[in-house]
Amino acid sequence: MARIVVLYSSLGGNTRQMAEHVAAGARLVPGVEVTPMDAAALDLAALESADGIAIGAPNYFSYPSGLIKHFFDLAHQRAAFKGKPYVAFSTHGGGGGISPVLEKLSQAVGMKPAAAGLDVMGLPQGDQVKDCRKLGQALAVRASS
């Protein structure tokens with residue numbers, strides 16, 4: 001059984017909602033176990049043992065929250081993350097998304113992209129919810145193979 005962790009940081013709730021939609025998409029793939037993880041309760045051992053990681057953060061001045069950055073600081077130079085599939089997602093209030101930043105950080109610790117990142121302004125709605133689920137599915141498929 002493939003294990004996916006959806007790591008996120010969210011103060012206002014938008015990124016948490018996005019994380020829930022990404023997790024729901026991953027659960028659509030048979031044989032996948034999905035665990036949402038608030039970065040405030042970071043469990044590095046669970047992330048190391050996961051078969052794939054979805055990483056989500058709000059845009060704070062064109063950079064992810066400190067809690068997500070802390071994950072990358074800990075993951076740096078840990079062999080468990082080398083080659084692990086990931087997807088990135090972010091929310092913003094109009095200043096643009098930061099999924100490219102999350103992708104760059106993920107690749108710096110050796111992870112490999114399963115799909116292009118996704119950025120949403122505010123709370124995901126309509127087709128954005130579908131896009132979030134597709135992102136989760138893409139990660140689950142990659143982690144299962």
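Figures for the structure shown
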{"item": "Residues satisfying the stated conditions in the stretch 23-55, i.e. in contact (Cβ under 8 Å) with a residue 60 or more places away in the chain and farther than 21 Å from Gly136 by Cβ", "result": "none"}
{"item": "Single residue of the stretch 21-45 satisfying the filter (assigned to a helix (DSSP H, G or I) and in contact with a strand residue (DSSP E or B) (Cβ under 7 Å, 6 or more places away or on another chain)) that is surrounded by the fewest Cβ atoms within 10 Å (Cβ to Cβ)", "result": "Arg27"}
{"item": "Within the stretch 136-145, tally of residues that are among the small types (Gly, Ala, Ser) and under 13 Å from the mean Cα position of the chain (by Cα)", "result": "3"}
{"item": "Failed criterion for Ala80 (all others in (1) in contact with a helix residue (DSSP H, G or I) (Cβ under 6 Å, 6 or more places away or on another chain); (2) exposed (fewer than 15 other Cβ atoms within 10 Å of the Cβ) hold)", "result": "(2)"}
{"item": "Number of the exception - Val6 against (1) buried (at least 22 other Cβ atoms within 10 Å of the Cβ); (2) in a helix (DSSP H, G or I); (3) not charged (D, E, K, R)", "result": "(2)"}
{"item": "Flag if Gly117 is more than 19 Å from Ala23 (Cβ to Cβ) and among the small types (Gly, Ala, Ser)", "result": "no"}
{"item": "Contacts under 9 angstrom Cβ, first residue in the stretch 56-80 being farther than 23 Å from Thr91 by Cα, partner among the hydroxyl-bearing types (Ser, Thr, Tyr) and assigned to a helix (DSSP H, G or I), 6 or more apart", "result": "Ala80/Ser49"}
{"item": "First in the stretch 106-132 and over 12 Å from Lys84 (Cα atoms), second anywhere and assigned to a strand (DSSP E or B) and among the aromatic types (Phe, Trp, Tyr), Cβ under 6 Å, 6 or more apart", "result": "Leu118/Phe89"}
{"item": "Residue among Gly56, Gly12 that alone is small (Gly, Ala, Ser) and in a loop (DSSP other than H, G, I, E, B)", "result": "Gly12"}
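Rundown of residues vs (1) surrounded by fewer than 14 Cβ atoms within 10 Å (Cβ to Cβ); (2) closer than 26 Å to Glu48 by Cβ; (3) within 12 Å of the chain's Cα centre (by Cα), yes/no style:
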| position | (1), (2), (3) |
| --- | --- |
| His70 | no, yes, no |
| Leu74 | no, yes, no |
| Gly93 | yes, no, no |
| Gln107 | yes, yes, no |
| Lys134 | no, no, no |
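Each value in this text was obtained by applying a stated rule to the coordinates, not by laboratory testing. Since the structure is predicted, the reported quantities are computational estimates derived from the model, not experimental observations. Cβ: placed from backbone, ideal geometry, glycine included. Neighbour counts: every protein chain shown.
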